[in-house]
Amino acid sequence: MGLRMNSSQFNLGGKPFRILGGSLHYFRLPRAYWKDRMVKMKACGLNTLTVDVPWSLHQPEKGELHFQGSFDIEAFLHLAAEVGLWVILRPGPYIGSDLDLGGLPSWLLRDREMKLRTTYPGFIAAVNVYFDKLIPKVVPFQFRKGGPIIAVQVENKYGSHARDGNYMAFIKEALQERGISEVLLTSDNHEGLKYGGVQGDLVAVVREILRRGMSINLYMFHGGTNFGFMNGALANPSYKALVTSYDYDAPLSEAGDYTPKYHLLRDLLSNFNSEVLPEMSGLWWKEEYEAAILFQHLSLWDALPYTHEPFKSQFPVNMENLPVNNGNGQAYGYTLYETTIIRGGSLKSGRNIQDRALVFVNQSFIGIFHHRNVELAVPDGKEKRILSLLVENCGRVHYSNDMDNQRKGIVGNIILNNMPLRDFTIYSLDMSPDFIDRAPWKSVPNKPSFPGFFQGRLFVNGYPSDTFMKLPGWSKGVVFINGQNIGRYWDAGPQQALFLPGPFLNSGMNQASLYNFLDS
């Protein structure tokens with residue numbers, strides 16, 4: 001007998017069972033730390049792990065799905081069973097989870113008619129391909145087959161989004177016909193909760209829930225990090241991209257450290273466990289390393305020949321519809337749009353820049369377009385000049401009724417003196433790690449040009465430890481360590497340092513690569 005409901009109580013294997021759960025995402029921490037975080041979860045008194053499966057990260061292109069390395073969900077489920085944690089699986093296809101496009105792959109948006117999270121044929125066909133690969137991998141881990149999965153969530157918060165009365169029934173059937181036989185559940189919020197909330201510590205709420213004999217799941221128990229470009233964004237009341245850190249003020253910090261919240265929860269949950277809780281494991285050592293030395297440089301303009309082949313188009317083309325990456329378009333990063341102008345004047349973006357653009361005339365910076373700044377003055381000039389717009393995808397909205405319109409880059413006309421610009425040369429700059437190896441690096445000049453790429457070395461003495469990287473004096477960009485994108489930085493804050501896990505480092509010399517927008 002799997003998980004069963006009896007009034008407001010659960011039974012598991014025919015015995016009374018209370019879910020004391022917490023969320024933990026394998027894709028937000030190094031694989032080497034999966035077990036550490038699970039052991040700390042178990043020592044806190046939790047018995048169940050809730051995990052989301054990010055479609056976008058498993059299938060970045062329509063072709064083969066990736067289940068290796070940090071995306072080996074079977075290894076993650078094996079570890080959960082080994083540690084003694086039950087699992088609630090959230091396979092999506094939409095998971096929200098503060099991820100870019102809520103975990104849906106951006107190539108879905110190449111279809112101009114796409115209606116995400118509906119029974120629109122193009123979406124359903126893509127979901128079927130995804131589930132055909134994913135679900136057979138998790139079916140053997142179900143409780144009835146001796147595995148840790150006791151429940152499977154159908155989609156996520158669809159009641160708050162509902163736009164297709166047939167959609168949830170389709171997802172339910174899609175899971176069951178592929179072999180999911182454990183109890184199915186949904187997750188949703190209630191508009192009234194924001195009016196009925198109270199200020200105070202998390203523990204008081206948990207105590208009251210448990211006092212009433214109810215089950216609970218903590219989102220997040222351990223947040224981790226939005227490595228690379230995986231962060232989502234908020235739509236309302238205005239666009240705001242999420243930061244790289246996903247610390248979440250969770251009981252376990254971004255670096256896996258115990259917080260006061262952890263200790264309070266452990267004391268509370270010890271009263272609801274029939275067995276003595278395991279000892280708390282030791283913490284990973286943090287090290288302060290010498291500053292990285294950046295001694296190689298390449299300007300954006302010099303780097304262009306080593307990116308994807310430029311694409312010429314009469315009209316601007318959004319990232320997702322660029323003819324790159326085996327017909328899957330550009331998912332993340334930056335796109336450079338260039339065209340010729342013969343006069344200055346008023347340049348208007350009309351909110352067709354998603355999300356920020358540095359604007360240059362003959363490679364000289366003249367200003368920035370973003371969601372609140374939609375007009376710039378272009379200096380006068382008589383000769384033909386190159387107007388360049390370097391557009392950054394800061395993260396697609398992860399939850400809103402506007403998800404179908406999350407295309408990035410330039411998504412409509414850019415107007416100069418009431419005339420739409422035409423005849424663009426478009427460069428896709430998705431910042432894939434192989435670019436770092438292809439680029440013809442030069443010594444850093446006395447006055448480096450910006451935007452620019454910088455490369456150097458970070459020395460690690462002895463066994464690599466966790467650390468945090470600060471970037472004082474740098475404006476906005478991305479950092480790679482040994483080819484691993486550890487995230488975005490911005491001197492505007494609020495985040496002041498990037499978490500750099502020890503498993504991403506080598507003993508001795510490490511390659512540090514940095515892309516910076518502007519000289520601050």
Go through (1) outside any loop (DSSP other than H, G, I, E, B); (2) open to solvent by less than 50 Å² (accessible area, probe 1.4 Å) and name the single condition Asp437 misses.
(2)
Inside region 343-362, can you point out the residues that are assigned to a loop (DSSP other than H, G, I, E, B) and either open to solvent by less than 10 Å² (accessible area, probe 1.4 Å) or at pLDDT 95 or above (or both)?
Gly344, Ser349, Asn352, Asp355, Asn362
How many of the residues making up region 180-197 are open to solvent by 30 Å² or more (accessible area, probe 1.4 Å) and at pLDDT 95 or above?
1
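Yes/no per residue for (1) touching a His at 6+ places or on another chain (Cβ under 8 Å); (2) open to solvent by less than 20 Å² (accessible area, probe 1.4 Å); (3) assigned to a loop (DSSP other than H, G, I, E, B):
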site	(1), (2), (3)
Val391	no, yes, no
Arg422	no, no, yes
Ser428	yes, yes, no
Gln455	yes, yes, no
Leu458	no, yes, no
Phe480	no, yes, no
When you scan region 297-306, do you find a residue that is modelled with pLDDT of 95 or more and open to solvent by 70 Å² or more (accessible area, probe 1.4 Å), even just one?
no
Which of the residues spanning region 198-225 are crowded, with 17+ Cβ neighbours inside 10 Å and over 25 Å from Thr186 (Cα atoms)?
Thr225
Enumeration of residues in region 269-286 that are more than 34 Å from the chain's Cα centre (by Cα) and of a type in the set (S, T, N, Q)
Asn271, Asn273, Ser274
Every residue in region 440-453 that is open to solvent by 20 Å² or more (accessible area, probe 1.4 Å) and touching a residue at least 40 places away in the same chain (Cβ under 8 Å), please.
Pro440, Trp441, Lys442, Ser443, Val444, Pro445, Pro448, Ser449, Phe450
Residues Val39, Val87: which one is open to solvent by 10 Å² or more (accessible area, probe 1.4 Å) and of a type in the set (A, V, I, L, M, F, W, C)?
Val39
Considering only region 486-515, state which residues are open to solvent by 20 Å² or more (accessible area, probe 1.4 Å) and in contact with a helix residue (DSSP H, G or I) (Cβ under 8 Å, 6 or more places away or on another chain).
Pro503, Gln511
Residues that are acidic (Asp, Glu) and farther than 30 Å from Thr118 by Cβ: does region 391-399 have at least one?
no
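The values are calculated or read from the model by the stated rules, or taken from the named source; none is laboratory data. Since this is a predicted model, take the numbers as computed values, not measurements. Note that we place each Cβ from the backbone using ideal geometry, even for glycine, and neighbour counts take in every protein chain shown. Heavy atoms of the whole protein, side chains included, go into the accessibility calculation; ligands, DNA and RNA do not. Shrake-Rupley method; radii C 1.70, N 1.55, O 1.52, S 1.80 Å.
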